[in-house]
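The values are calculated or read from the model by the stated rules, or taken from the named source; none is laboratory data. Fair warning: this is a prediction, and the values are worked out from it, not measured in the lab. We place every Cβ from the backbone using ideal geometry, glycine too, and count neighbours over all the protein chains shown.
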Amino acid sequence: MEKKFTGTGVALVTPFHKQGTIDFGSLEKLIEHTVSNGVDYLVVLGTTGETATLSKDEKNALVEYVKEQVSKRVPVVLGVGGNNTQEIVNDLQKLDIDGIDAILSVAPYYNKPSQRGLYLHYKHIATASPLPVIVYNVPGRTSVNMKAETTLELAAEFENIIGVKEASGNMSQIMEIIRKKPKDFLVISGDDGITMPLIAAGAHGVISVVANAYPKAFSSMVKAALKGKLDEARRLHYALLPMIEALFADGSPGGVKAALDYMKIVPNNLRLPVVKVNKATQNLIQGLVNELKESGIEC
């Protein structure tokens with residue numbers, strides 16, 4: 001498991017047609033763009049995929065399409081999360097696991113559970129899941145931070161909780177997890193901009209947004225950092241950092257869809273309440289795409 005999910009995972013965007021339906025043709029292009037350019041695994045139905053705006057039928061269709069197109073060339077991680085623990089357990093009990101290698105389960109949002117509530121939530125998920133579980137701490141979206149001690153308690157007690165996607169942005173907290181975790185427990189960056197320093201501190205990789213657009217460059221940075229080639233990792237990190245910052249300047253996944261649209265991979269269509277980035281941010285992103293191309297940074 002450690003080897004399977006070490007490196008660069010891509011939190012896939014969901015392409016839409018202008019009228020709002022899922023654009024499976026563009027999804028095929030995106031899958032080929034990422035897989036052929038060296039990423040290690042894909043994540044479907046994550047936050048970046050605007051999953052909260054998809055119906056159950058659309059989610060099922062999306063997952064089946066991704067599994068078919070990937071055809072086991074790389075592992076696939078499925079987002080299965082929410083703020084109703086029993087509903088997640090019910091979904092896991094009915095899950096068709098063929099073609100899925102692990103689940104990514106975001107911490108409950110809106111409810112604002114205590115640390116005890118978070119622990120029990122993930123205990124029920126771990127007990128019910130037929131697949132390995134990666135827990136996902138993203139307090140900027142959920143309004144609750146899962147503390148290091150809670151993550152470490154889950155890592156120690158449940159063998160099928162194999163890792164954490166940490167998007168708290170709190171370097172001290174993440175390094176505390178790295179310092180005290182069980183040997184094979186994965187610490188995965190949830191923030192593109194701090195992935196390189198986190199790997200240098202002992203993290204195992206990233207589940208990335210920018211790798212939708214720059215799978216080759218970003219996965220090359222991650223691989224270099226994992227191999228201890230920090231000069232090369234720093235070069236790519238600092239080359240990509242302005243783009244990473246621009247992609248999140250006016251909301252995600254609006255930023256990365258603006259880049260993908262300019263690169264003619266995925267059209268710049270989103271579902272409310274997510275909207276396109278403003279014109280200034282769009283111009284900035286397009287200018288950075290041109291600059292990276294001119295500097296020889298391959299997408």
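Among the listed residues Leu230, Leu236, Leu247, Leu260, which satisfies the condition of being farther than 24 Å from Leu42 by Cα and either surrounded by fewer than 24 Cβ atoms within 10 Å (Cβ to Cβ) or not basic (Lys, Arg) (or both)?
On the way: Leu236 fails: farther than 24 Å from Leu42 by Cα; Leu247 fails: farther than 24 Å from Leu42 by Cα; Leu260 fails: farther than 24 Å from Leu42 by Cα.
From the options Leu230, Leu236, Leu247, Leu260, the qualifying one is Leu230.
Identify the residue in segment 216-227 that is without any contact (Cβ under 8 Å) to a residue 40 or more places away in the chain and crowded, with 24+ Cβ neighbours inside 10 Å and, among all such residues, is nearest to Ala52 (Cα to Cα). In this case the residue turns out to be Met221.
Would you mind stating whether Asp250 is of a type in the set (Asp, Glu), touching a Lys or Arg at 6+ places or on another chain (Cβ under 9 Å) and over 23 Å from His33 (Cα atoms)? Walk me through how you get there before you give the answer.
Values: of a type in the set (Asp, Glu): yes; touching a Lys or Arg at 6+ places or on another chain (Cβ under 9 Å): yes; over 23 Å from His33 (Cα atoms): yes.
So Asp250 passes the test.
Being of a type in the set (Val, Ile, Thr), part of a helix (DSSP H, G or I), in contact (Cβ under 8 Å) with a residue 24 or more places away in the chain and buried (at least 17 other Cβ atoms within 10 Å of the Cβ) is true for just one of Ile188, Ile207, Ile177, Ile162. Which residue is that?
Just one listed residue meets the conditions, Ile177.
What do you reckon, is His124 surrounded by 19 or more Cβ atoms within 10 Å (Cβ to Cβ), modelled with pLDDT of 95 or more and assigned to a helix (DSSP H, G or I)? Judged against the criteria, His124 is not a match.
State all residues of segment 263-299 that are in contact (Cβ under 8 Å) with a residue 24 or more places away in the chain, surrounded by 13 or more Cβ atoms within 10 Å (Cβ to Cβ) and not in a helix (DSSP H, G or I); if no residue qualifies, say none. Those that are in contact (Cβ under 8 Å) with a residue 24 or more places away in the chain, surrounded by 13 or more Cβ atoms within 10 Å (Cβ to Cβ) and not in a helix (DSSP H, G or I): Met263, Ile265, Val266, Pro267, Asn269, Leu270, Arg271, Val274, Val277, Asn278, Ile297, Cys299. Listed by first and then second residue, the pairs with beta-carbon distance under 8 Å, at least 6 apart or on different chains, first residue in segment 70-92 and surrounded by 12 or more Cβ atoms within 10 Å (Cβ to Cβ), second of a type in the set (Asp, Glu) and part of a loop (DSSP other than H, G, I, E, B), are Val74/Asp40; Pro75/Asp40; Pro75/Asp101; Val76/Asp101; Val77/Asp101.
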